[in-house]
Structure formats: C-alpha cells, structure tokens
Amino acid sequence: METKGDHLNLKSGLYVKELSKADNSRWEKYVEENPSTTFYHQIEWKEIIEKSFGHKTYYLMAFQSSNPSNSSNSINPSNSSNPSNPSNPVVGILPMVHIKSLIFGSIFCSMPFLNFGGICADNVEIEKLLMCEGERILRDQKGDYLELRHLKQSSIAILSKSHKVSMTLELNRDPDVLWNKFTTKHRTSVRRAGKNELEIKIGKRELLKDFYNIMCRGWRDLGTPVYPFSFFSNIMDQLEDSLEIYVVLHEGEPIATAFNGLYKDTVEGMWASSIREFAKLQANYFLYWEMIKRACLQGYKWYHLGRSTAESGGEFFKEKWNAILKPLYWEYILNKAQKIPELNVDNPKYQLAIRLWRKLPVGLTQKIGPYLAKNIP
C-alpha cells in the first residue's frame, strides 16, 4: 500500500520510501555492494547526525518490484509490488538531512558536515525518481533548497557549482614507487620535516581529545566554528573499526592531526589541522607522508586527501603529492530560495565575522562554536 512518504511508478515497478528500522540491513547491503557508494552513505551516519546535532533526517530508498503493473488504477499491498516485500531489491538511495537555522534558513543537504553524499542509483530513471521524492519533501517542509554533494554530475540537468574539489592519490603497495615520483623539491621538504624531532601516534578513541584540541585551535585561526566534541565521539562510537586518528608531536606536544575513514579500497581523509605557531616545523609534510606510507602498506588502492576549495592553498599542497584533482558537483533544487546559496568563506558578507572569530580565545570558540557549526552544512 502506498503510504505518506512513498512515491511509485507502477509501470516500471519502482518505489521510493523512507527508511524504517526494518530496512537498515537492506540499506547496508546496497551500500556494501554498490561500487558508487561512499564512506558517507553508510547507515551509521543517520544516527550520528541525529544524535550530535538534533537534525531530522530523511533516508530514501528505491525498490524494484518483481511484478511491475501496467495499471495505474490500484495497488495490491499483498503482492510483490509492495515495497516492504523483502524480495524486492534496493536499486537506489538518497540520504538527506534537514537543517533549520535562524541565520541560514531551512536547508536540506546530502550530506552536511561531510565531504559528499548525494544519490546513488542503478540507472537514470531511479535517480530521477529519488530526486523527485527529495524535491517533494523539500516543498512539503517549505525548505529553501536541497543541496546534493556528488562526486560526479547527475544525469539530470539541474543547477550546480564546482567550487570544491576532491584530491585523490593512487596508491601502490610499495610506498617507494610514490616517493620516486615526487619532485626533488617535494622530497626535500619531507626529509627536512623529518629532521625536526617530530613523532607520530596512530590510534582511535585514545587520541580523540588531542585531535579535537588541535582542531579547535586550527579552526579558530581559520575563522571557522568547530563542531562539538560529541560529534567526533559519536562517529567513533558507530564506526571505530573503520577509523584512524593521527597526531604529530613535537617535544611531547601535539601540533598536527588527521582523522581518516577506511572504506572498501579507499582511505577517506575527513579532517586535518595543525597549530599555526609550529608552522616552521612543516609537520604537515611529515604527517601526510606517514599516512600515505601506512595506506600503501595496508593495501589500499586510493587515498582521498580530503575536500578543498578550488585553487586554494589546500589544493596546491595536495597537488605536491601527485594527487589527481576531480571537481565535486554540488547540485541544487531550489524552492523558497531564488538562487544558489553562497555559504562559503569567500562570500564577502562573512569576512567580518571570520576576522572577529580569529581574535577570540580558543576556549570561548569551543563553547559557542558548536551552536553555530551545527547550522552550517
């Protein structure tokens, strides 16, 4: 039976419905088996975001009925066209988060706070059906817009921008193969950093506080509100087996860090930061080479060095490791909004707030930052 929140195409036998707890294992199976899904499509992110920020989530699943109907007059809930029938395969997914903010408005996003997300579908028809259902929810909830963060452009022509890029490094089981491809200048920088009495720790929850303290200082210097500690703790609770934290120390003091996900054949660089006062030690060169070496020896094929703003210092640094630049496509369905939003640090109207934030004590930004960050997707 069609229920509120279900969308169906009887002729093709396709259904879209919101995820229920009974569907969790089917979602997980689809994510595990589909080559287009990413670290951020895992079902655990639903609870992580709900628990950390209190935002409502809409996890949409598309099913293929084994008995498509040629009639549009009725639906028999007892036959195989019922989307709850476990024999009907999942053929597409779309995770969405609804952020309600007094400052930034009513935003739907897939996925906020993360590098990407968006639709994964077996074909264009399924992709379109999922997008239509996402748009229906956007309009029903009177949202301003829906933002879909995709690794590749969708097959359906909608508004988009490519101000962010993904930097991906192809790995080799022998890290020396990568080392020998670096420029002489880059190898010199890495060697110089290694002579600065730096050491590295690799772990999980035991390094979470060091990671967060460095993040708070680094993001304050960038003028960016930091997420609550509970967000990272909740990620660790749900995904600890597929996470690694790196912390670089100088004379026992943590000065640089990274938080990585391990998924299928890929290392996913999620967050990294360093303390500006120690910049002369070039800890980031030391950190990245240690992470790349470890990923090679662990047998991973790809290393996503994380999302960067196009033509930024972050992009240029990652290019030194011979990372391949790939544009990220942030696509939009507008409702109450009249144009594509510009929620980024390059927007002139945020420059004053950024400059003021950089002058605040770190302790104060730790207290008020999470209240702001939860509303900035």
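Under the condition of being touching a strand residue (DSSP E or B) at 6+ places or on another chain (Cβ under 9 Å), closer than 23 Å to N322 by Cα and assigned to a loop (DSSP other than H, G, I, E, B), the residues counted in segment 149-189 number 3. Among the residues examined, L138 qualifies as closer than 14 Å to Y58 by Cα and of a type in the set (A, V, I, L, M).
Selection of segment 225-246 for residues being aliphatic (A, V, I, L, M) and more than 18 Å from Y303 (Cα to Cα) yields V226, I235, M236, L239. Every test in (1) surrounded by fewer than 21 Cβ atoms within 10 Å (Cβ to Cβ); (2) within 21 Å of the chain's Cα centre (by Cα); (3) among the hydrophobic types (A, V, I, L, M, F, W, C); (4) closer than 21 Å to T37 by Cβ is passed by V124 save one, and that test is (2). I need the full set of residues from segment 259-286 which are without any contact (Cβ under 8 Å) to a residue 40 or more places away in the chain and of a type in the set (G, A, S), in order please. Once the filter is applied, which keeps residues that are without any contact (Cβ under 8 Å) to a residue 40 or more places away in the chain and of a type in the set (G, A, S), segment 259-286 yields G269, A272, A279.
Yes or no, residue by residue, for (1) loosely packed, with under 14 Cβ neighbours inside 10 Å; (2) modelled with pLDDT of 90 or more:
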residue: S69; (1), (2): no, no
residue: N73; (1), (2): yes, no
residue: S78; (1), (2): yes, no
residue: S81; (1), (2): no, no
residue: P86; (1), (2): yes, no
residue: P89; (1), (2): no, yes
residue: V97; (1), (2): no, yes
residue: F104; (1), (2): no, no
residue: I107; (1), (2): no, yes
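The residue that is surrounded by the fewest Cβ atoms within 10 Å (Cβ to Cβ), counting only those in segment 215-229 that are under 20 Å from the mean Cα position of the chain (by Cα) and under 19 Å from V248 (Cα atoms), is C216. Quick one: would you say Y332 is closer than 15 Å to K164 by Cα, hydroxyl-bearing (S, T, Y) and either assigned by TED's automatic domain parsing to the domain that holds S101 or surrounded by 15 or more Cβ atoms within 10 Å (Cβ to Cβ) (or both)? So Y332 fits the description; yes.
Picking from residues in segment 230-259 that are under 17 Å from the mean Cα position of the chain (by Cα) and closer than 17 Å to K318 by Cα, the one that is surrounded by the fewest Cβ atoms within 10 Å (Cβ to Cβ) is F259.
Residues considered: V190, V177. Of these, the only one that is within 18 Å of I292 (Cα to Cα), surrounded by fewer than 14 Cβ atoms within 10 Å (Cβ to Cβ) and either modelled with pLDDT under 95 or aliphatic (A, V, I, L, M) (or both) is V177. Among the residues of segment 100-118, some residue qualifies, meaning at least one is part of a loop (DSSP other than H, G, I, E, B), of a type in the set (F, W, Y), closer than 19 Å to K326 by Cα and assigned by TED's automatic domain parsing to the domain that holds S65. Taking the criterion of being touching a residue at least 40 places away in the same chain (Cβ under 8 Å), farther than 20 Å from G269 by Cβ and out of contact with any strand residue (DSSP E or B) (no Cβ under 6 Å at 6 or more places or on another chain), the only residue of segment 35-48 that qualifies is E47.
Yes/no per residue for (1) surrounded by fewer than 19 Cβ atoms within 10 Å (Cβ to Cβ); (2) farther than 20 Å from E199 by Cβ; (3) not assigned by TED's automatic domain parsing to the domain that holds P112:
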{"position": "G261", "(1), (2), (3)": "no, yes, yes"}
{"position": "K264", "(1), (2), (3)": "yes, yes, yes"}
{"position": "S274", "(1), (2), (3)": "no, no, yes"}
{"position": "K280", "(1), (2), (3)": "yes, no, yes"}
{"position": "Y288", "(1), (2), (3)": "no, no, yes"}
{"position": "E311", "(1), (2), (3)": "yes, yes, yes"}
{"position": "F317", "(1), (2), (3)": "yes, yes, yes"}
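Among the criteria (1) more than 23 Å from F116 (Cβ to Cβ); (2) out of contact with any helix residue (DSSP H, G or I) (no Cβ under 7 Å at 6 or more places or on another chain), the one G218 does not fulfil is (1).
The values are calculated or read from the model by the stated rules, or taken from the named source; none is laboratory data. Keep in mind that what you see is a predicted model, and the values were worked out from it rather than measured. Because the Cβ atoms are built from the backbone with ideal geometry, glycine has one as well, and the counts that use them run over all protein chains shown.
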